[in-house]
Amino acid sequence: MEITRILDAALRKAAAVWITSPGHEPKLVHAHWRDDALWVITGGTEQVVPGLSDQARVTVTVRSPSTHSHLVDAQATAHLTEPDDETAQALKTARLNTKPEWEAVYRLEFGA
């Protein structure tokens, strides 16, 4: 699935999304949209996402921040990564209410 205008706009406004891994229940997670990918931090003081691993295919569900109604579902591939300093700082800044400490960072890509 290519990134549509609807998906791009929804992810730019979303502070959290639902991630569903095959065989697991959906999990609400904090996420950060950056460089045409959705960044998710897990473990440590952050959420645990069952089934999220390198190369996992997941479904990302975005809801409206104002009405909480369903906006879009999209398939993504997770890539375990080490963020550069600028991305790591953006991930920390996005978590305004806590000092994030994570064990893993995933870049979820919505390409083919």
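Quick notes
- Note that the chain presents 58 Å² accessible area per residue, ligands and nucleic acids not counted, probe 1.4 Å.
- When you count the other C-beta atoms within 10 angstrom of each residue and take the mean per peptide, 86-92, 103-109, 66-72 line up highest first as 103-109, 86-92, 66-72.
- Each eigenvalue of the Cα gyration tensor of the range 1-91, multiplied by 5 and square-rooted, gives one semi-axis; in descending order these are 19, 16, 13 Å.
- Set of the range 1-42 residues, backbone N closer than 19 Å to the point 7 Å along the Cα-Cβ line of K92: 30-34, 39-42
- Accessible surface of the chain, 1.4 Å probe, proportion on carbon and sulfur as whole %: 50
- FRET efficiency for the pair T81 and T45, taken as 1/(1 + (r/R0)^6) with r the Cβ-Cβ distance and R0 = 25 Å, rounds to 0.85.
The values are calculated or read from the model by the stated rules, or taken from the named source; none is laboratory data. Keep in mind that what you see is a predicted model, and the values were worked out from it rather than measured. Don't worry about glycine lacking a Cβ; one is built from the backbone with ideal geometry, like all the others, and counts go over all protein chains shown. Remember, those area values only see protein heavy atoms, side chains included, never the ligands or the DNA or RNA. Shrake-Rupley method; radii C 1.70, N 1.55, O 1.52, S 1.80 Å.
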